[in-house]
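A short write-up of the structure that comes next.
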Amino acid sequence: MNARPHVVRRVLAGTLLALLSLGLWSAGPVSAADTPVTEKAAIDHALPTKGAVRLLVSVPGTEPVSFDDVKVRIDGDAVPAVAAAASQSTEVERTSILAIDTSASMAGPRITEAKKAALAYLTTVPANVKVGVLSFDTTVKVVVPPGLAHETARTAVAGLKLTRDTALYDGVLGALRAAGPGGQGAAQRKILLLSDGKDTTRTRLDTVLAAIKKSGATVDVVSLQKGDEGNAPLNAIATAGKGTILKAQDPAALTAAFAKEATVLARQVVVTAEIPEGFSKTTSNVEVTVPTGTESFTASAYVPVQLASDITAKKAVVAAPTPVKAGPLDFSPTMMYAAVGAVGVGLLGLVAALALGGRKPASNLTLNEQIRAYGVMSVPGRPGPRRDSEDPGENPFTGQAKAAAERALANNKNLEAKIAHSLEGAGLSLKPAEWLLIHAAIAVGGGLIGILLGSGNLILGLLFIIAAIIGPFIYLRLKKANRFKAFGMGLADTLQLMSGSLSAGLSLGQSIDTIVREGAEPIASEFRRVVIESRLGVTLEDAMDGMADRMESRDFKWVVMAIRIQREVGGNLAELLLTVAATLREREFMRRHVRALSAEGRLSAYILGGLPPGFLVYLTLTKPDYVHPLYFTPMGWILCIVMAVLLSVGVFWMSKVAKVDL
């Protein structure tokens, strides 16, 4: 009696399950889900701006949107908002990348329908959407970079060719790079991926998923793959990109899938919502209500609404009511001239500080100071002593400046002696005080030129000042080196001329006078000084020894030593000078031969030592934002110091290896 109802219930349940199974079996996979779902609005992108946030909202359906009735709530509070169609707005940039599988498995109707679907997508997508085309097979190729030239993209799609393998994961990574960088100020970036096969490369899926999540780009997938196992990686990619997967096992359904994606872009709305006063959050829950003709859609999301820098700027404005125009290295012309003037005043102040510094008794007196200790030099026809600063062609300001520079150098005799020795070696008829003033003027002028050329860029001005300070020293050193080199190269010929004069019956003094008249510079001017010193009472050997010290010539010191020995023990001086000249010629030949052999090493040292700082200066002038962290962050300072030390050690080592002393 009790068993019959149970049997009836079992029969009815089995019949119902059979009918349900037949109904599910007859339905094919033509959409993202096997059961239809109600379409909803969604906030696709948020772009924080100063005082507002721009939202990109997808609105389903086909009915027109009532833009004037759009409402926005931030953290539950209603805020003023303005809406407009995204296809008519340029406030939010949109980028779409078509990543199409062109492997061999797409041959036949699949690639034909894929091209038709892509062409339909490019025809339907709004004109202000930047579209790029990427193909992946054995390799990944950006066929068309993102741009508004949709006709170029259509031509590229029509010409796609198939190859063997499927670099699916590398294709996704390439599409992320082609879409551009992410971040709070980035455009909306959407990737539409079409594939029918598994990845055949060694790239890991977890690497791709991590890159998608980090980029923040939306990834929608159109799959021609059959079975859940084949769609598992594509499902993971769509989930990581917060997109959808459209399963179209029939190639003819591709056009509908691509058209749906284009319709989503065409139905997007740009909503600009104002940030409430005193709002101190960078991210918040935002709710947008978009009414259409017959219904109203609501979308909510937790999105960035405000930049941290904008919050800091608001607090600064509240704390300091006086408006200040901010901006790195943005100076008025008055400010630029004031900076240059400050540099000049600082240099003059340095000279004055040296001049007014402690007056210590000088141990190395100048010739005028030594003569002044025994008497008074006077000017003919003028009563009173003569001063060093008096010059008929010198104005009072120049005389005062030179006097200040002389007082500054009087407190540092070693510096004055070094400058004087360098000026004498370079053959410049300048006093150390005059050189110091010229150097200061070049530094001020270099800073002025740098600031003017850089339109107020203090970094460029500082670089020019450093170059103006170092440049004169380099010029003086090069001029001195060239003069010393010319002296050494002409010394053998000079000794031969001196030997010929002695053989002709002239004395040593007369032979030196012959060199003064017929010799080449700088030998003639140096021997002229020897003649003048000998007439003032200095012995000829001591005068020539002083010339050897000024010219830093070891070879000429040997000549002076030979002349001293000949004067003491006697002998044929002409023959001795010929022997010394032959020795010097051989040494000069060997020196040139060694320099030729070591030229490659020296050139390598110059290039490897000068290329890094030269390229850094180039980047500083052309792309200051790129090297900004090197100058204004502690890590950048540490890197600069470490690089400078390593570069200095390398240059020193290479110079020592390439240098050969003879």
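Check Val30, Val72 and return the single one that is surrounded by 11 or more Cβ atoms within 10 Å (Cβ to Cβ) and at pLDDT 85 or above. Spell out how you get there, then give the answer.
Values: Val30 fails: at pLDDT 85 or above.
Val72 is the lone residue from the list that is surrounded by 11 or more Cβ atoms within 10 Å (Cβ to Cβ) and at pLDDT 85 or above.
Return yes or no: is Val617 under 30 Å from Glu521 (Cβ atoms) and of a type outside the set (Asp, Glu)? Reasoning before the result, please.
On the way: under 30 Å from Glu521 (Cβ atoms): no; of a type outside the set (Asp, Glu): yes.
Spelling it out, it is not the case that Val617 is under 30 Å from Glu521 (Cβ atoms) and of a type outside the set (Asp, Glu).
On the basis of being buried (at least 19 other Cβ atoms within 10 Å of the Cβ) and either among the charged types (D, E, K, R) or at pLDDT 85 or above (or both), does Lys480 make the cut?
Yes, satisfied.
Of the residues in the stretch 225-269, how many are over 46 Å from the mean Cα position of the chain (by Cα) and crowded, with 19+ Cβ neighbours inside 10 Å?
Of the residues in the stretch 225-269, 6 are over 46 Å from the mean Cα position of the chain (by Cα) and crowded, with 19+ Cβ neighbours inside 10 Å.
Return the residues of the stretch 494-525 that are without any contact (Cβ under 8 Å) to a residue 12 or more places away in the chain and in a helix (DSSP H, G or I); say none if nothing qualifies.
If we filter the stretch 494-525 for residues that are without any contact (Cβ under 8 Å) to a residue 12 or more places away in the chain, which is where we start, we get 504-507, 510, 517, 524.
Once the filter is applied, which keeps residues that are without any contact (Cβ under 8 Å) to a residue 12 or more places away in the chain and in a helix (DSSP H, G or I), the stretch 494-525 yields Gln510, Arg517, Ala524.
Just wondering, is there one or more residues in the stretch 644-655 that are more than 24 Å from the chain's Cα centre (by Cα), of a type outside the set (Val, Ile, Thr) and surrounded by 13 or more Cβ atoms within 10 Å (Cβ to Cβ)?
Scanning the stretch 644-655, I find at least one residue that is more than 24 Å from the chain's Cα centre (by Cα), of a type outside the set (Val, Ile, Thr) and surrounded by 13 or more Cβ atoms within 10 Å (Cβ to Cβ), so the answer is yes.
Of the conditions (1) of a type in the set (Gly, Ala, Ser); (2) at pLDDT 85 or above; (3) surrounded by fewer than 17 Cβ atoms within 10 Å (Cβ to Cβ); (4) over 57 Å from the mean Cα position of the chain (by Cα), Gly509 fails just one. Which one is it?
(2)
Output the number of residues of the stretch 420-440 satisfying the condition of being aliphatic (A, V, I, L, M) and either modelled with pLDDT under 75 or more than 16 Å from Arg483 (Cβ to Cβ) (or both).
Going residue by residue through the stretch 420-440, those that are aliphatic (A, V, I, L, M) are 420, 423, 426, 428, 430, 433, 436-438, 440.
Within this subset, residues satisfying the condition of being either modelled with pLDDT under 75 or more than 16 Å from Arg483 (Cβ to Cβ) (or both) are 433, 436-438, 440.
Residues in the stretch 420-440 being aliphatic (A, V, I, L, M) and either modelled with pLDDT under 75 or more than 16 Å from Arg483 (Cβ to Cβ) (or both): 5 in total.
Grab the helices (runs of 4 or more DSSP H) fully contained in the stretch 571-644, keeping just those with 2 or more residues being without any contact (Cβ under 8 Å) to a residue 60 or more places away in the chain and under 23 Å from Ile466 (Cβ atoms). Give the derivation first.
Working: elements: 573-597, 599-622, 624-632.
In the stretch 571-644, the matching helices (runs of 4 or more DSSP H) lie at 599-622, 624-632.
Those residues that are in a helix (DSSP H, G or I) and in contact with a Leu (Cβ under 8 Å, 6 or more places away or on another chain), I need them from the stretch 159-202; list them, please. Reasoning before the result, please.
Looking only at the stretch 159-202, we keep the residues that are in a helix (DSSP H, G or I), and these are 168-179.
Passing the criteria: Tyr169, Gly171, Val172, Gly174, Ala175, Ala178.
Could you grab me the full set of residues in the stretch 81-115 that are part of a helix (DSSP H, G or I), at pLDDT 85 or above and closer than 23 Å to Arg189 by Cα?
The answer is Ala114, Lys115.
I need a count of the residues in the stretch 82-115 that are farther than 28 Å from Val290 by Cα and surrounded by fewer than 17 Cβ atoms within 10 Å (Cβ to Cβ). Before the answer, list the steps.
To start, the set of residues in the stretch 82-115 that are farther than 28 Å from Val290 by Cα comprises 98-115.
Right, trim to surrounded by fewer than 17 Cβ atoms within 10 Å (Cβ to Cβ) and you get 104, 107-109, 112.
Final tally of qualifying residues: 5.
Of the residues Ala78, Ala118, which single one is at pLDDT 85 or above and either in contact with a helix residue (DSSP H, G or I) (Cβ under 7 Å, 6 or more places away or on another chain) or acidic (Asp, Glu) (or both)? Steps first, answer last, please.
Details: Ala78 fails: either in contact with a helix residue (DSSP H, G or I) (Cβ under 7 Å, 6 or more places away or on another chain) or acidic (Asp, Glu) (or both).
Answer to the selection: Ala118.
Would you point out the residue of the stretch 529-564, among those that are closer than 24 Å to Ala582 by Cα and in a loop (DSSP other than H, G, I, E, B), that is farthest from the chain's Cα centre (by Cα)?
Ranking the candidates gives Ser553 first.
All but one of (1) acidic (Asp, Glu); (2) under 40 Å from the mean Cα position of the chain (by Cα); (3) over 30 Å from Ala273 (Cα atoms) hold for Glu113; state the number of the condition that does not hold.
Only one criterion is unmet by Glu113, namely (2).
One line per residue, one yes/no per condition, for (1) outside the structural domain of Glu533 (by TED's automatic domain parsing); (2) modelled with pLDDT under 85; (3) out of contact with any helix residue (DSSP H, G or I) (no Cβ under 9 Å at 6 or more places or on another chain):
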| residue | (1), (2), (3) |
| --- | --- |
| Glu552 | no, yes, no |
| Gln566 | no, yes, no |
| Thr583 | no, no, no |
| Leu639 | yes, no, no |
| Leu646 | yes, no, yes |
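What pairs can you find where one residue is in the stretch 140-168 and basic (Lys, Arg), the other is modelled with pLDDT under 90 and not in a strand (DSSP E or B), and their Cβ atoms are less than 6 Å apart, with a gap of 6+ or different chains?
Sorted first by the residue in the stretch 140-168, then by its partner, the pairs are Arg154/Leu119; Arg154/Leu122; Arg164/Ala104; Arg164/Thr138.
Looking only at the stretch 34-69, how many residues end up being surrounded by fewer than 11 Cβ atoms within 10 Å (Cβ to Cβ) and modelled with pLDDT under 80?
Step one: of the stretch 34-69, the residues surrounded by fewer than 11 Cβ atoms within 10 Å (Cβ to Cβ) are 35-38, 62, 64, 68.
Imposing the further condition that a residue be modelled with pLDDT under 80 reduces the set to 35-38.
Residues flagged as surrounded by fewer than 11 Cβ atoms within 10 Å (Cβ to Cβ) and modelled with pLDDT under 80 within the stretch 34-69 amount to 4.
Look at Ser501 and say whether it is among the hydroxyl-bearing types (Ser, Thr, Tyr), surrounded by fewer than 18 Cβ atoms within 10 Å (Cβ to Cβ) and farther than 30 Å from Leu619 by Cβ. Please lay out each step first, then the result.
On the way: among the hydroxyl-bearing types (Ser, Thr, Tyr): yes; surrounded by fewer than 18 Cβ atoms within 10 Å (Cβ to Cβ): no; farther than 30 Å from Leu619 by Cβ: yes.
So Ser501 fails the test.
For the stretch 140-188, name all the residues that are closer than 23 Å to Pro233 by Cα and either more than 34 Å from the chain's Cα centre (by Cα) or at pLDDT below 85 (or both).
Leu162, Thr163, Arg164, Asp165, Thr166, Ala167, Leu168
The values are calculated or read from the model by the stated rules, or taken from the named source; none is laboratory data. This is a predicted model, so every value here is computed, not measured. With ideal geometry, Cβ positions are generated from the backbone for all residues, glycine too; neighbour counts draw on all protein chains shown.
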